[in-house]
Structure formats: structure tokens, C-alpha cells
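One structure below.
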Amino acid sequence: MEQGVIVIGAGQAASTAVETLRKEGFTGEITLVGDEPELPYSRPPLSKKFLAGELAEERLLLKAQSFYDSHQVRLRLGTRATQLSTQTRTVTLDTGETLNYSKLLLCTGSSPRRVSVPGHDLQGIHYLRSKSDVARLAHELTANRRIVIVGAGYIGLEVAATCRQLGLQVDVLEMAERIMNRVVASPVSDFFAQEHAKAGVNIHTRHSLAGFLADPQGRVCAVQTTDGAQWPADLVLVGVGGLPNTELAARAGLTIDNGVAVDLYCQTSDPDVYAAGDCANQFSTHYQRRLRLESVDNAFEQAKTAAQNLLGKSLAHDKIPWFWSDQYDLKLLISGINMDFDQGVLRGDPSTRSFTYCYLRGNELLAVDCINQAKDYMASKRLIADRTSMDLMRLADISVPLREATAQG
Amino acid sequence: MAELVIVDRDGAEHRVEGKAGVSLMETLREMDYGVAAICGGMCSCATCHIYVDETWLSRLPAPQGDELELLQELTSRRPTSRLCCQVEFTPALDGLKVAIAPDE
Ligand SMILES: Cc1cc2nc3c(=O)[nH]c(=O)nc-3n(C[C@H](O)[C@H](O)[C@H](O)COP(=O)(O)OP(=O)(O)OC[C@H]3O[C@@H](n4cnc5c(N)ncnc54)[C@H](O)[C@@H]3O)c2cc1C
Ligand code: FES
């Protein structure tokens, strides 16, 4: 039997991987196994334009069917990989078939973290990850209904914005003291809280989920928080983070460390198995820490690296990560990872709805959050990668281009 | 059918049918020699950078807003630079010639 590359998971990372394999001149067999019935598609619009009904379904596709045909990619969609054996180099599918590989790439992504409080399985409680989740959610989004969103992270807040646009009443419950708590500093979080309030979203921080209450038909009718308060709801969206899909890898005995552990080359603890995207946990030499990122950029860059390396190259991935989120007409662009910052500098005035928040360690620029500030965002990439020392006075002055706010002048 | 003429990074010319009514990016990202378009057309990544052939430049509306800001920071920027996710392809642009800009 002819052997080749098998890619498990048919999402963002997988799409980049098959494209890269062919671009690099690989002529062997490529099999793409994905449990969703769809060709790889783009997830970001699922909480934004697609949810709002403003984007046609076929425009979500990362590549059309003709791409896979002309690049001879064997598609096994609607099929789940249930077992992996690194000894025999085989993958078992839920159809019972067993496929052989010479190299395997895990692009299994992540899943929404599920809550297990009383009432968690009532009708009308939603999560958002896939097109089928949108199919269930979208027809419930009609004007004047009440949605309670549990969790004020990106997905929760993007859905809140979309729901206001569609005329729903929106309450957001967040356990932390501020929204987007884990990812941005308070000036940025305060700014977004104000924008949501202006748009009519009711944000309730310091409220922890205790359970869901049912109406006589067994459908959710309210959310209860640990202080005893009840929040009436016609439907609920839970957005409390994601967990890497590591089941297959773990059962195969691969090293797991909040994700499938990979080295700088995207190689797992087995030399014939690589991993990329939301499911992978990789050491960053720039930030000197392990990172598991859930972003399109990360899926793209890791998949590209993995595909090249499994064909025999040895390219380390250490690009500065970036991310975006759209809420209303606000475009948040983030570059870098702010985790170890010890001081923050605000550039510009949030009331103008265009500003940048810079995260530094000492004078070194680690990361930036740019709100309607594409220019700073673009300029930041090189400054962060080069570990540039910034001049804090000039940095705080938005009239000084970011590129020129360096310590050297 | 409206055609696009694409000059790849090696200087080779390709004639392809352009998808009308959507951005050029949606045609170019399917090509092996095309653009990465990582953000999928949200004008957030600048990985869909192209140069428009000078004879066609005046037929396209000028870049604005975020597109202009992103373009200004690219080292490979030229006066003919565009982010192709912000350029709508229409049958009236039959024959439009663009070149793929280098990776940054
Ligand atoms: C609503 C939403 C909005 C987002 N917005 C943004 C944004 O604005 N900006 C941004 O940068 N990122 C955003 N993201 C994150 C981004 O979409 C992900 O980081 C990206 O899709 C990760 O790609 P991936 O290939 O690792 O995983 P995925 O795209 O999730 O693909 C993994 C696939 O593998 C399948 N799979 C898993 N296990 C198996 C198995 N055993 N057998 C077969 N198939 C399997 C899964 O079902 C899935 O189809 C958003 C995500 C969501 C859900
Ligand atoms: S596709 Fe990202 S800016 Fe055009």
C-alpha cells in the first residue's frame, strides 16, 4: 500500500498544511481526515458576519473543492480518527478502516470548555465553535429575545455585539472583575466595557455561574449566579474558553502538556508525528515560555512549519504571534504576548476610539493592543521581534510614529 | 467570463478566471503562487499584498483607511500597492493585471 502524509482534523491548520505540502513539491499521497462534514472553513466569521447573516456560506471556505481535486488531496470528511498507533504508523477511522502513514500531522483544534453546573444540558444552551453550532444558534437570534452570555472573552463579546446588532437584549455574566481579563490590561478592558454599555449590552462582572433553570418544557429560562441572583434568558451562550483536542494523541502515548507538546519544529514526542494549531503547545524562544495559542495566525504558521519539516526541512517557528477581534466597528489588533509585562503605556486617547496600549518589560516592547490603529500594529511587529528598547515618553505620544519611539531615537 | 492576469513572484504570467462580485483575494488565495490572506479578508494581516499594473491603477478606487495604514508600514510597498482583499473584482475589470508582492 502506498504511504504518504495523513492530516487529522480538517480546519485552518490542515488547510495550510496540505497547501504547503504541495507547494513544496510533495507528490505522495495526502489524506485529510476531518470529523466535520465540511471542507476546511474559516471560523472567525462564525461569531461575527456569518452569525449576523451578512456572509454567504460558501465564502467561509478556505479553499474550494476544486483546489483539493487539482492538488490530489484525498478527503475523508465526516470521518473521525479514533485511534493512532505510532508503532505500526496507522490511524483507525470510525468507519473501521485503518490507514498507513509515513508522516502524520495532528490539526485537531480545540473545543469549547463545557460547564457542568446543574441544568447544563437544558435546551437553549449553546456553545460556538462550528458551522453546525451556528446553524443551531442563528435561528434563535430574533429581535427582542433575551440572551445571557456566560463569559466575557472574545467569543462572548463578539456574539454580544452581533446580538445587539440583531436587536436582542443582551446580558453578559463574567466571573472576573473585568471583561477580557486574561488577555488585555484594564484600560483596554474598560474601553471595551464602555463600548458594549453604549451599545446596550448589560455587562455584569464578578458574577459566577451556579446553574441553569428550566421552564416546564425543559428549556432554559434563567441563569443563576452564585450570589443567588437569577438572570432571565430565552437562550444562553457559554463562552468560557477552549480546551485542546488531545484525546487521540494522549491515547497514542504522545507527550501532552496543555496541548500536544511540540518542539520548535512542530514535531511531537514521536518523530513521525507533528502537530499544529489550537491543539499544539510549543515553546517560544522569543518569550521563553511554552504557549498554546488559539488563533488563525498560529494555526497558519505552525502548519506551514510542520508541513515543511515533515518533508525533511528543519525550520524553527518563532514568529511573533498576532490576533484580531472585531466588535461593532472596532478593530482590535494584537501583536505579541503580554504575559510577563511589568509596565503598560497608553498611546492616544481611548475617547477618540483609536489608541494603542503597549506592554513592556523594562523598556522592551513585548506586545501591543491596537484599537483602530492599524499603523501602530504593523510597526510593532518588527519592534517586538527585535526586542527594541522604547523611549517611554515618546511612546506615550501618539503623534510620534511608533517606529520612532525607540530609545535610540 | 472575466480574466485576471497574475504575475507570480518568479515573474511568470498566469491567466485565470476571476471570481466576480467578491474581492480579488478570493481568487488569488486558491493559487499555488497566490497570496496567504491569513485573516481571510478582514484587512488585518497585509498578507494579501499585490502590485496593480500601472495601466490599470486609475480604474480602481484608491486605498483608504486601514488598508492605507497597513500598506504604509510594508517594506515592499510601492505606489501601485494594494491589499487584494480590499479590491472588488468585477466583469468591467476583465484583463486586470496584478503582480504578487514578496513575502514580508
Ligand atoms: C467563533 C470563533 C471566532 C474566532 N475568531 C477569531 C479571530 O477573530 N481571530 C483569530 O485569530 N482567531 C479566531 N478564532 C480562532 C481560530 O478560528 C482557531 O484558532 C483556528 O480555527 C484553529 O485552527 P485549527 O486548525 O487548529 O483548528 P480547527 O479549525 O478547529 O480545526 C480542527 C478540526 O479538527 C477536527 N477534529 C478534531 N479531532 C478529530 C479527530 N479525531 N478526527 C477527525 N477530525 C478531528 C475538528 O472537528 C475540527 O474540524 C475564532 C474561533 C471561533 C470558534
Ligand atoms: S487578507 Fe488579511 S489583509 Fe487582506
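Quick notes
- Scanning segment A:95-115 for residues that are loosely packed, with under 14 Cβ neighbours inside 10 Å and of a type in the set (Val, Ile, Thr) yields A:95, A:98.
- Exactly one residue among A:318, A:386, A:329 is within 14 Å of chain B (Cβ to nearest Cβ), surrounded by fewer than 17 Cβ atoms within 10 Å (Cβ to Cβ) and farther than 30 Å from residue A:163 by Cβ, and that residue is A:386.
- Looking only at segment B:13-25, and only at residues there that are farther than 23 Å from residue A:21 by Cβ and surrounded by 15 or more Cβ atoms within 10 Å (Cβ to Cβ), the one that is nearest to ligand 1 (Cβ to nearest atom): B:23
- Screening B:57, B:28 for residues that are away from ligand 1 (no atom under 16 Å from the Cβ), under 19 Å from residue A:15 (Cβ atoms) and more than 10 Å from chain A (Cβ to nearest Cβ) leaves exactly one candidate, B:28.
- Here segment A:16-36 is the region considered, the condition is being of a type in the set (Val, Ile, Thr) and touching a Lys or Arg at 6+ places or on another chain (Cβ under 7 Å), and the residue that is nearest to the other protein chains (Cβ to nearest Cβ) is A:16.
- Evaluation of residue B:63 against the conditions (1) surrounded by 19 or more Cβ atoms within 10 Å (Cβ to Cβ); (2) within 13 Å of ligand 2 (Cβ to nearest atom) shows that the sole unmet condition is (1).
- Across segment B:69-83, the qualifying residues are those that are buried (at least 16 other Cβ atoms within 10 Å of the Cβ) and within 11 Å of chain A (Cβ to nearest Cβ), and the one among them that is farthest from ligand 1 (Cβ to nearest atom) is B:77.
- Counted residues, segment A:38-48 - those being closer than 16 Å to residue A:63 by Cβ and more than 10 Å from chain B (Cβ to nearest Cβ): 3
- For segment A:279-299, taking the residues that are farther than 17 Å from residue A:267 by Cα and in contact with a strand residue (DSSP E or B) (Cβ under 6 Å, 6 or more places away or on another chain), the one that is nearest to the other protein chains (Cβ to nearest Cβ) is identified as A:297.
- Residues of segment B:15-60 that turn out to be of a type outside the set (Asp, Glu), away from ligand 2 (no atom under 16 Å from the Cβ) and free of Cβ contacts under 8 Å to residues at least 12 places away in the same chain, as a count: 1
- Index of the failed condition, residue A:132 passing every other in (1) surrounded by 16 or more Cβ atoms within 10 Å (Cβ to Cβ); (2) assigned to a helix (DSSP H, G or I): (1)
- Residues satisfying the criterion are present in segment A:54-64 (criterion: part of a strand (DSSP E or B) and surrounded by fewer than 18 Cβ atoms within 10 Å (Cβ to Cβ)).
- Selection of segment A:20-49 for residues being in contact (Cβ under 8 Å) with a residue 60 or more places away in the chain and in a helix (DSSP H, G or I) yields A:20, A:21, A:44, A:46, A:47.
- In segment B:31-54, residue farthest from ligand 1 (Cβ to nearest atom) [restricted to those that are facing chain A (nearest Cβ under 9 Å) and of a type in the set (Val, Ile, Thr)]: B:47
- Qualifying residue in segment B:71-92 (condition: of a type in the set (Asp, Glu) and within 14 Å of ligand 2 (Cβ to nearest atom)): yes
- Residue A:306 meets each of the listed conditions (1) aliphatic (A, V, I, L, M); (2) crowded, with 24+ Cβ neighbours inside 10 Å; (3) assigned to a loop (DSSP other than H, G, I, E, B) apart from (3).
- Selection of segment A:182-210 for residues being assigned to a loop (DSSP other than H, G, I, E, B) and touching a helix residue (DSSP H, G or I) at 6+ places or on another chain (Cβ under 7 Å) yields A:199, A:200, A:201.
Read the figures in this text as sums done on the coordinates, not as results from a lab. Note that the structure is predicted; figures quoted are calculated from it, not measured. No Cβ is skipped: glycine too gets one built from the backbone with ideal geometry, and neighbour counts run over all protein chains shown.
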